[in-house]
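Below: the structure, in structure tokens.
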Amino acid sequence: MRNLSLLTRWALGGLLAASSAFAQEPAPSPPPALTEYEGRVIARTMHWMGADWLTRRKRETEEATTKMRAELKLKPGMAVCDMGCGNGFHTLPISAAVGDAGVVYAVDIQPEMLAMVEKQMAQKGIKNIKTIHSEQYDPKLPENSCDLILMVDVYHEFSHPVQMLAGMKKALKPEGQIVLVEFRTEDPEVPIRLEHKMSKDQILKEMKANGFVPTRSFDELPWQHMMWFGKVEAAAAK
């Protein structure tokens, strides 16, 4: 800096100090986790060490999983997100349904769950699944990427429901849909803890509060509600 003027040296020094201060600025804190939302107690997330429950022998009988996936009416070439994919119980059949021209985003907050999905992908040579390690407040999905986002017994565990729904809304294509599958609060015979159930009224209240409108429901699953939601903007444009 021998040939620089005093003024130039002063200006450069100021820029370096400013850039250094900017680089050291801490990242914004994530929003606080909730324990209740819209009058509902938020359930704890199922730990990855309990993943065997997702592949229990009785699941097909108790949840009619094949019938549920058939109601999604998946087609080759679709882009589908399995939100809270766990060990990939639904991810892999969805992958087969959308085919090589389609894509499945397998999203989970637990990397151990994603590792289980990736192991199966490697064993079976599956190429159309993209695993995403999400945050509790951010699904980390690409914008305008999804025809459908499926959440099976997952939404009630979100500690940041508003932020997660906002992120999913951005990820949906204009006519994209969210499908919620949740154990029925209305049915006391469903042997699931209360905080892991949701009523239709509660689902409708929370989805409407976050900019979604109901478009369809399927009421023939043994234990669960199955409800579709689209963006309120898409409904208003029709």
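The values are calculated or read from the model by the stated rules, or taken from the named source; none is laboratory data. The model shown is predicted, which means the values in this text are computed figures rather than measured ones. Virtual Cβ from ideal backbone geometry, glycine too; neighbours counted across all protein chains shown.
Being of a type outside the set (Phe, Trp, Tyr), assigned to a loop (DSSP other than H, G, I, E, B) and over 11 Å from the mean Cα position of the chain (by Cα) is not true of residue 147. Considering (1) under 20 Å from residue 48 (Cβ atoms); (2) outside any loop (DSSP other than H, G, I, E, B); (3) in contact with a strand residue (DSSP E or B) (Cβ under 6 Å, 6 or more places away or on another chain), the lone condition that residue 119 does not fulfil carries the number (3). When 157, 143, 118 are checked against the criterion of being touching a Lys or Arg at 6+ places or on another chain (Cβ under 9 Å), surrounded by fewer than 17 Cβ atoms within 10 Å (Cβ to Cβ) and at pLDDT 95 or above, a single residue qualifies: 143. Scanning the stretch 170-189 for residues that are over 23 Å from residue 219 (Cβ atoms) and surrounded by 19 or more Cβ atoms within 10 Å (Cβ to Cβ) turns up 171, 172. For the stretch 190-203, the tally of residues that are among the hydrophobic types (A, V, I, L, M, F, W, C) and either part of a strand (DSSP E or B) or buried (at least 18 other Cβ atoms within 10 Å of the Cβ) (or both) stands at 2. Only residues that are surrounded by fewer than 24 Cβ atoms within 10 Å (Cβ to Cβ) and out of contact with any helix residue (DSSP H, G or I) (no Cβ under 8 Å at 6 or more places or on another chain) were counted across the stretch 82-101, and they come to 5.
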